[in-house]
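A short write-up of the structure that comes next.
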Amino acid sequence: MYDVSAMPDDDTSLRFQRKQFEIYRRLSPSQRLEIGFELSDNTRDISLHALRSANPRLSEKDLHSQFLKRVMGWRLPLRILV
């Protein structure tokens, strides 16, 4: 299990972190996986929105290439998109 006390307390109180983990522990594995997928989708959408805002003239292909560069390093998009 996670040691909640070792987690950074940037914007979430220790009390809330403990409560959150207590709730997560009660979820089934499939429910936790679904939450993970939703968090991943939300993170991707936020990142793509930020890239679009900073680079409004990029094509969708170039936008996704920039996203992959940020997430997985500069070599991966070259192999996928070329």
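The numbers here are math on the coordinates, done by the rules we state, and not lab data. If you're wondering where the values come from, they're calculated on a predicted model, not measured in any experiment. Every residue, glycine among them, receives a Cβ derived from its backbone with ideal geometry; neighbour counts consider all protein chains shown.
Laid out as a table, the results:
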item	result
Cα gyration tensor, the range 12-81 - rounded (a/c under 1.5), prolate or oblate	prolate
Cβ-Cβ FRET estimate between THR43 and PHE16, R0 fixed at 22 Å, reported to 0.05	0.60
Förster radius 22 Å - calculated FRET efficiency between SER59 and ARG32, Cβ distance, rounded to 0.05	0.05
Cβ charges +1 (Lys, Arg) and -1 (Asp, Glu), total dipole of the range 12-81, debye	300
Efficiency of FRET from Cβ geometry, MET72 and ARG25, R₀ 35 Å, rounded to 0.05	0.65
